[in-house]
Amino acid sequence: MKNGLCFIALMLLGILTSSIAQENVLPIRGFAIAAPSVGQVDRFVTFMEEELGSRGVNTLVLRVDYNYEYESHPELRNQRALSKADITKLRETGAKLGINIIPQINLLGHQSWASKLENLLVHYPQFDETPHVQLPENYVWPNEDGLYCKSYCPLHPEVHGVVFALVDELCDAFGATDFHAGMDEVFYIGDDKCPRCKGLDKAALFAGEVTKIRNHLATKERKLWIWGDRLIDGSRTGIGMWEGSMNNTHQALDLIPKDVVICDWHYEKPLQTPVVFAMKGLDVISCSWNKPHVGVKHVEDMFRFREHNTPMMKDRFKGVMLTVWMGADSFLDGFYAYQNDPRAAADENKEWVTFIRMFEKLDAMASNY
């Protein structure tokens, strides 16, 4: 009888230990990159199968923007864009591997880059928040206009009819349950010369746009993801204008819906701001880029946040994501060259090295639970 009771107790302890371990392991193992170019989809699918699948990546943010043959607004397609058949290949591969593919279109900000307008403002110049700011022939930073990237005006009465048509079409093509709207590095908002936005609170404008996008997605039971930098006080924290906000949009943190997922990126140091988002009731993912030691620390920190927190807070620390800010084709070139001969790398501070080190660390830490 005593032996039987001991056996039952050990079984219950094992179940409890396994349950605790599962709670501490990061739910999201993410990877964010531009969608592959036309003609490179099969190569990217192979990468998904051989590299993402083997590392247990379960979340893939694909920056598509205008790299799709939209039918709702064909004028906004890139000259060479992915077809519905291309998207189906990616979608089916993700489903087979258990990878949640989250398509991204940059909304609000990033409507230009250097001296080039993105497609939305090319075809709908009336949506420009700052039409008086002309793109220079030779872009430099800093500049007198404070121009980094253009924004669309969030209060233009026609802008959402266009961008939401793209969002819906892209999400339908991927069968997506989540959508990433970007919304990082928004420097132009509430401009003093905008007839609709001048004089309005920038935090309220930013929060209003987040909420409008979130509410639209919710009508089809989809969830909104955004980058987190505009919701961090860049001045009071000393974080500055890139990874934080210097134009007061950070106060939107208390105004946005609590079911928006925050991708909190810090690339030079693993700053502890995920705690801020979690304390505000938001799910947060810690994002790194091209410094392997920073990516590894992000992993360690997220395990620590989950382990040393209340049950209510713990599950808001969702996991980590490696972000890639070059074309998918260039990343694959670098990744496979490094795999073939790691000794040839003169600089280890590369996206593909961070990718490898991060997921090695993830596996090592998960195995400890």
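The values are calculated or read from the model by the stated rules, or taken from the named source; none is laboratory data. Treat the numbers as computed from the prediction; the structure is a model and nothing was measured. All Cβ positions, even for glycine, are placed from backbone atoms using ideal geometry, and neighbour counts span all protein chains on display.
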Residue by residue through the stretch 82-101, note down the ones that are small (Gly, Ala, Ser) and closer than 16 Å to Asp172 by Cβ. Ser83, Ala85, Gly94, Ala95
Which pairs have Cβ atoms under 8 Å, sit 6 or more apart or on different chains, and link a residue in the stretch 218-238 that is within 18 Å of Ile102 (Cβ to Cβ) and free of Cβ contacts under 8 Å to residues at least 60 places away in the same chain to one that is basic (Lys, Arg) and surrounded by 14 or more Cβ atoms within 10 Å (Cβ to Cβ)? Leu224/Arg214
Return only the number of the condition from (1) more than 18 Å from the chain's Cα centre (by Cα); (2) closer than 14 Å to Ile105 by Cα; (3) aliphatic (A, V, I, L, M) that Val45 does not satisfy. (2)
I'm told Ala95 meets every condition in (1) in contact with a strand residue (DSSP E or B) (Cβ under 8 Å, 6 or more places away or on another chain); (2) surrounded by fewer than 21 Cβ atoms within 10 Å (Cβ to Cβ) except one. Can you identify the failing condition by its number? (1)
Restricting the search to the stretch 61-79, which residues are part of a loop (DSSP other than H, G, I, E, B), more than 30 Å from Ser286 (Cα to Cα) and under 24 Å from the mean Cα position of the chain (by Cα)? Glu69, Tyr70, Arg77, Asn78
Restricting to the stretch 161-181, count the residues that are buried (at least 20 other Cβ atoms within 10 Å of the Cβ) and closer than 26 Å to Lys202 by Cα. 6
Just checking, does the stretch 227-235 include any residue being touching a strand residue (DSSP E or B) at 6+ places or on another chain (Cβ under 6 Å), of a type in the set (Gly, Ala, Ser) and not in a helix (DSSP H, G or I)? yes
Val163 vs. criteria outside any strand (DSSP E or B), touching a Ser or Thr at 6+ places or on another chain (Cβ under 8 Å) and modelled with pLDDT of 95 or more: no
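Out of the residues in the stretch 172-206 that are in a helix (DSSP H, G or I) and within 18 Å of the chain's Cα centre (by Cα), state the one that is farthest from Thr93 (Cα to Cα).
That would be Phe206.
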Which pairs have Cβ atoms under 7 Å, sit 6 or more apart or on different chains, and link a residue in the stretch 277-289 that is at negative phi and touching a residue at least 12 places away in the same chain (Cβ under 8 Å) to one that is surrounded by 24 or more Cβ atoms within 10 Å (Cβ to Cβ) and in a loop (DSSP other than H, G, I, E, B)? Phe277/Gly228
Gly199 fails exactly one of the following numbered conditions: (1) surrounded by fewer than 20 Cβ atoms within 10 Å (Cβ to Cβ); (2) in contact with a strand residue (DSSP E or B) (Cβ under 8 Å, 6 or more places away or on another chain); (3) farther than 30 Å from Pro270 by Cα. What is the number of that condition? (2)
The stretch 245-275 - residue that is in a loop (DSSP other than H, G, I, E, B) and either charged (D, E, K, R) or in contact with a strand residue (DSSP E or B) (Cβ under 6 Å, 6 or more places away or on another chain) (or both) and, of those, farthest from Leu26 (Cα to Cα): Glu268
Find the residue count for the stretch 308-365, including only residues that are of a type outside the set (Val, Ile, Thr) and under 23 Å from the mean Cα position of the chain (by Cα). 32
Return the total of residues in the stretch 330-355 being surrounded by fewer than 15 Cβ atoms within 10 Å (Cβ to Cβ) and assigned to a helix (DSSP H, G or I). 9
Expected single match for touching an Asp or Glu at 6+ places or on another chain (Cβ under 9 Å) and either under 18 Å from Thr59 (Cβ atoms) or among the acidic types (Asp, Glu) (or both) among Glu92, Glu144, Glu129 is Glu129
So which pairs qualify, if the first residue must be in the stretch 352-365 and touching a residue at least 12 places away in the same chain (Cβ under 8 Å), the second must be basic (Lys, Arg), the Cβ gap must be under 8 Å, and the two must be at least 6 apart or on different chains? Thr354/Lys291; Phe359/Arg29; Phe359/Arg55; Leu362/Arg29; Leu362/Arg55; Asp363/Arg55
Mind counting the residues in the stretch 80-103 that are in a loop (DSSP other than H, G, I, E, B) and among the hydrophobic types (A, V, I, L, M, F, W, C)? 2
Of everything in the stretch 257-315 that's of a type in the set (Ser, Thr, Tyr) and buried (at least 22 other Cβ atoms within 10 Å of the Cβ), which residue is farthest from Arg214 (Cα to Cα)? Ser288
Given (1) aromatic (Phe, Trp, Tyr); (2) outside any loop (DSSP other than H, G, I, E, B); (3) out of contact with any Lys or Arg (no Cβ under 8 Å at 6 or more places or on another chain), number of the condition Trp325 does not satisfy: (2)
Can you find a residue in the stretch 106-113 that is buried (at least 16 other Cβ atoms within 10 Å of the Cβ) and small (Gly, Ala, Ser)? yes
